[in-house]
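Here is the structure we will look at, set down as structure tokens.
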Amino acid sequence: MKDDNCIFCKIAAGEIPSKTLYEDEQFRVILDLGPATRGHALILPRNHYGNIYELPEETAGDAMKLAKRMAGLMTDKLHCDGFNILQNNGEIAGQTVFHFHMHLIPRYKDDGQVISGKSGSASSEELEEIKNIIIG
Ligand code: AMP
Ligand code: ZN
């Protein structure tokens, strides 16, 4: 399952060179060309899935297992102080490459990055209403 117009398909297949940290039958892990921090990497499935909605559950599970292993390895080797794992879906959410990928972002004291999931507020009634919309 490849998309001929997709750059991440080509990178994952090795048709376009990348700084590869890891590869197996299902995934390639590469260094991001525009790193948010030192060591910022991306997990790319070799198959083309546009986003989380298209991703099979089993692949999602395997991707998260790989993220866990890479986070451990990268933290050991880079001596980072923390770690963000991010994944964007849709332009409004910051997705710019429409081939599913997970960001592995080592964090360092004073790295100056702001990855915002800043807290807002909601009343108990609003939370109850949202809960009922989602699971009702
Ligand atoms: P997103 O905004 O979640 O779609 O993330 C896309 C990421 O891909 C960004 O962090 C880019 O810096 C990165 N990127 C784009 N093109 C390449 C490329 N050819 N090789 C490596 N990383 C890339
Ligand atoms: Zn693709």
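Evaluate the following for Gly50: is it at positive phi and within 16 Å of ligand 1 (Cβ to nearest atom)?
When the stated conditions are applied, Gly50 does not pass them.
Let's see how each residue does on (1) farther than 19 Å from Leu86 by Cα; (2) surrounded by 12 or more Cβ atoms within 10 Å (Cβ to Cβ); (3) within 16 Å of ligand 2 (Cβ to nearest atom):
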| position | (1), (2), (3) |
| --- | --- |
| Met1 | yes, no, yes |
| Ile7 | yes, yes, yes |
| Ile30 | no, yes, yes |
| Ala36 | no, yes, no |
| Ile43 | no, yes, yes |
| Asn47 | yes, yes, yes |
| Gly50 | no, yes, yes |
| Thr59 | no, yes, yes |
| Met64 | no, yes, no |
Q: Restrict the check to the range 46-62 and report whether at least one residue is outside any helix (DSSP H, G or I), modelled with pLDDT of 95 or more and within 11 Å of the chain's Cα centre (by Cα).
A: yes
Q) Which ones in the range 95-131 are under 24 Å from Pro56 (Cβ atoms) and either modelled with pLDDT under 95 or of a type in the set (Lys, Arg) (or both)? A) none
Q.
Anything in the range 89-118 that is open to solvent by 40 Å² or more (accessible area, probe 1.4 Å), within 15 Å of ligand 2 (Cβ to nearest atom) and out of contact with any Phe, Trp or Tyr (no Cβ under 9 Å at 6 or more places or on another chain)? List them, or say none.
A. Thr96
Q) Inside the range 81-101, can you point out the residues that are without any contact (Cβ under 8 Å) to a residue 60 or more places away in the chain and either of a type in the set (S, T, N, Q) or in contact with a helix residue (DSSP H, G or I) (Cβ under 7 Å, 6 or more places away or on another chain) (or both)? A) Phe83, Asn84, Ile85, Gln87, Asn88, Asn89, Gln95, Thr96
Q. If a residue has to be in contact with a Gly (Cβ under 8 Å, 6 or more places away or on another chain) and within 16 Å of ligand 1 (Cβ to nearest atom) to count, how many in the range 75-93 make the cut?
A. 1
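Return a yes/no flag: does the range 25-33 have any residue that is free of Cβ contacts under 8 Å to residues at least 60 places away in the same chain and either at positive phi or in a helix (DSSP H, G or I) (or both).
Scanning the range 25-33 turns up no residue that is free of Cβ contacts under 8 Å to residues at least 60 places away in the same chain and either at positive phi or in a helix (DSSP H, G or I) (or both).
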Q.
Going residue by residue through the range 102-119, is there one that turns out to be within 12 Å of ligand 1 (Cβ to nearest atom), closer than 17 Å to Tyr53 by Cβ and in a loop (DSSP other than H, G, I, E, B)?
A. no
Q. Are any residues in the range 9-23 open to solvent by 50 Å² or more (accessible area, probe 1.4 Å), more than 11 Å from ligand 1 (Cβ to nearest atom) and in a loop (DSSP other than H, G, I, E, B), and if so, which ones?
A. Glu15
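The values are calculated or read from the model by the stated rules, or taken from the named source; none is laboratory data. Since we're looking at a predicted model, the values are computed, not measured. Glycine also receives a Cβ, built like all others from the backbone with ideal geometry; neighbour counts cover every protein chain displayed. The protein model used for the area step is the full one, side chains on, heavy atoms only, and it has no ligands, DNA or RNA in it. Shrake-Rupley method; radii C 1.70, N 1.55, O 1.52, S 1.80 Å.
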